[in-house]
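K.L.:
Before I ask anything, let me first share the structure, which is written out below as structure tokens.
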Amino acid sequence: MALMITTACINCDMCLPECPNEAIYEGAKIYEIDTERCTECVGFYEYQTCMAVCPIDCIEVHPEYIESKATLEEKFKALKII
């Protein structure tokens with residue numbers, strides 16, 4: 001599952017350095033998450049680091065990108081090739 005940042009984001013900059021896949025970027029109004037790069041930290045950590053540091057809990061599972069752990073592991077492996 002890819003994650004998404006809701007419009008409640010206050011642009012605090014906490015999540016940006018936490019993403020090991022560099023999937024988080026500064027959008028037009030709030031930070032955004034590239035669904036092609038987000039592996040929910042699979043391959044790096046046991047939990048989603050961006051969610052852990054968000055002070056207002058505005059990061060959630062993206063409802064349009066539900067992926068199994070196996071799919072996320074494959075995505076992680078493919079990103080490491082690039």
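The values are calculated or read from the model by the stated rules, or taken from the named source; none is laboratory data. Because the structure is a prediction, the values reported are computed rather than measured. Note: ideal-geometry Cβ built from the backbone for every residue, glycine included; neighbour counts use all protein chains shown. Surface accessibility is based on the protein's heavy atoms, side chains included, excluding ligands, DNA and RNA. Shrake-Rupley method; radii C 1.70, N 1.55, O 1.52, S 1.80 Å.
K.L.:
Just to be sure, is residue 6 modelled with pLDDT of 95 or more and touching a Pro at 6+ places or on another chain (Cβ under 8 Å)?
P.N.:
no
K.L.:
Then there's this: How many residues, within region 29-82, are open to solvent by less than 90 Å² (accessible area, probe 1.4 Å), in a loop (DSSP other than H, G, I, E, B), without any contact (Cβ under 8 Å) to a residue 60 or more places away in the chain and under 20 Å from residue 9 (Cβ atoms)?
P.N.:
First, the residues of region 29-82 that are open to solvent by less than 90 Å² (accessible area, probe 1.4 Å): 30-35, 37-44, 48-56, 58-62, 65, 67-68, 70-73, 75-76, 78-79.
Pick out the ones that are also in a loop (DSSP other than H, G, I, E, B) and you get 30, 34-35, 37-44, 48, 54-56, 58, 62, 65, 67-68.
Keeping just the survivors that are without any contact (Cβ under 8 Å) to a residue 60 or more places away in the chain gives 30, 34-35, 37-44, 48, 54-56, 58, 68.
Those left that are additionally under 20 Å from residue 9 (Cβ atoms): 30, 34-35, 37-38, 40-41, 48, 54-56, 58.
Total satisfying the criteria: 12.
K.L.:
Then there's this: With the checklist (1) surrounded by 13 or more Cβ atoms within 10 Å (Cβ to Cβ); (2) modelled with pLDDT of 95 or more; (3) acidic (Asp, Glu) in hand, flag the one item residue 26 doesn't pass.
P.N.:
(1)
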